[in-house]
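Only one structure is covered here, and it is reproduced in the block below.
Quick note: the coordinates plus some simple rules give every number you see, no bench work behind them. Everything numeric in this text was worked out from a predicted model, so none of it was measured. Neighbour counts run over all protein chains shown; Cβ positions are idealised from the backbone, glycine included.
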Amino acid sequence: MKKLWWLVGAVVIVVIAVLVGPWFYGQFIAEDDAPAASVSTEGAEAATGVVDGEWTVTPGQGSNQTAAGYTVHEILNGASVTVVGSTGDVTGNATVEGEKLTAGEVTVQVATIATDQSRRDNQFRGNVMDTGTFPTATFTVDSPVDLSGLPADGSVGTVTAQGTLTLKGQSRPVTVDIDVLRSGDDLIASGSIPVTWTDFGVTPPSLGFVTVDGNGTVDFLVSFARS
């Protein structure tokens, strides 16, 4: 009889763990990641000089350190979680002529994008993005962007850019609203590009313990200095 009760108790514990575990994880363990970085006016100065010139991506500083990555929603062990992955491994350049952005490209080393979970990152680099074959993602400006209306007093202005986003070797036209700060002799820009992953040949994971949404954003905060 004691053995029977022991077996019944064990079964009850397993059932509770299966039914309550995901709820407990979602309520008390799982947390949304911090939002993707965006332009900060902390310590901003009035712009010096003109906006025209050649610009190169730099690491940035303070709250405006260069970073790029992605934001996506997933169900992880029964919990609804917003995941943000990022990397500072970003390069690029821009050309401004007649107060118009006439050319620009930003390149991201996808294999260095990281979240708070190495297991997720390994899946992202391997089966999801195949970074061994497609190591970079790029955004290229396709048509001139008017920068003449940007404030020069250390506050943020917004412009809209038409460009091409390339992920996993697939290129698609995109439109993105970009927040831009002219601070001192620096130019800082951030934005989020809405994407449907399958448009770029990316299959969102669905592995039982995790299901990733089919839509998300590609995010960037890029600090430029004069070349």
About the Cα centre, and with charges only on the beta carbon of Lys, Arg (+1) and Asp, Glu (-1), how big is the dipole of the chain? Nearest 20 debye, please.
1380
Would you mind putting 66-75, 105-114, 191-200, 42-51 in packing order, based on average other-beta-carbon counts within 10 Å, highest first?
66-75, 105-114, 191-200, 42-51
In range of the label at THR48: residues from the stretch 131-170 whose backbone nitrogen is under 20 Å from the point 7 Å along Cα→Cβ:
151-156
Explain nothing, just compute: Karplus ³J(HN,Hα) = 6.51 cos²θ - 1.76 cosθ + 1.60, θ = phi - 60°, for every residue of the stretch 82-95 in order, whole Hz, x for Gly and Pro.
9, 10, 10, x, 8, 8, x, 7, 10, 10, x, 7, 8, 10
Taking the mean number of other Cβ atoms within 10 Å as a proxy for protection, how do you rank 89-96, 173-180 from highest to lowest?
89-96, 173-180
If you fit an axis through the alpha-carbon atoms of helix 2-28 and take the longest principal axis of the Cα set of the chain, what angle between them do you get, 0 to 90°, nearest 10?
10
Projecting each Cα onto the charge dipole of the stretch 116-219 (Lys/Arg +1, Asp/Glu -1 at the beta carbon, about the Cα centre), which of PRO205, ALA137, VAL218 comes out farthest on the positive side?
PRO205
GNM result for the chain, Cα springs below 10 Å: residue of ASP146, ASP32, ASP121 fluctuating most strongly
ASP32
In Hz, Karplus ³J(HN,Hα) per residue of the stretch 58-65 (6.51, -1.76, 1.60; θ = phi - 60°; x = Gly, Pro):
10, x, x, 7, x, 6, 10, 6
Name the residue, out of SER118, SER148, SER40, whose mean-square fluctuation peaks in a Gaussian network model built on the chain with Cα pairs under 10 Å.
SER118
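Taking 8 Å as the Cα distance limit and 6 or more residues as the minimum spacing, I'd like the relative contact order of the chain as a percentage.
On the way: 534 pairs, mean separation 54.9, N = 227.
Reported relative contact order: 24 percent.
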Please build a GNM for the chain, connecting alpha carbons under 10 Å apart, and tell me which residue among PHE209, PHE124, PHE134 fluctuates the most.
PHE209
Cα principal axis extents for the stretch 30-143, largest first, Å:
52, 35, 22
Considering the Cα trace of the stretch 77-159, what is its radius of gyration and what is Dmax, both in angstroms?
17.6, 53
Cα pair distances of the chain binned at 10 Å [whole percent]:
8, 29, 28, 17, 9, 4, 3, 1, 0
Sum of -39500 (n - 2.57) over DSSP H runs of 4+, divided by residues of the chain (222 nm, nearest 500)
-5000 deg cm²/dmol
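Kirkwood hydrodynamic radius for the stretch 99-202: how many Å is it when counted over pairs of different Cα atoms?
15.3
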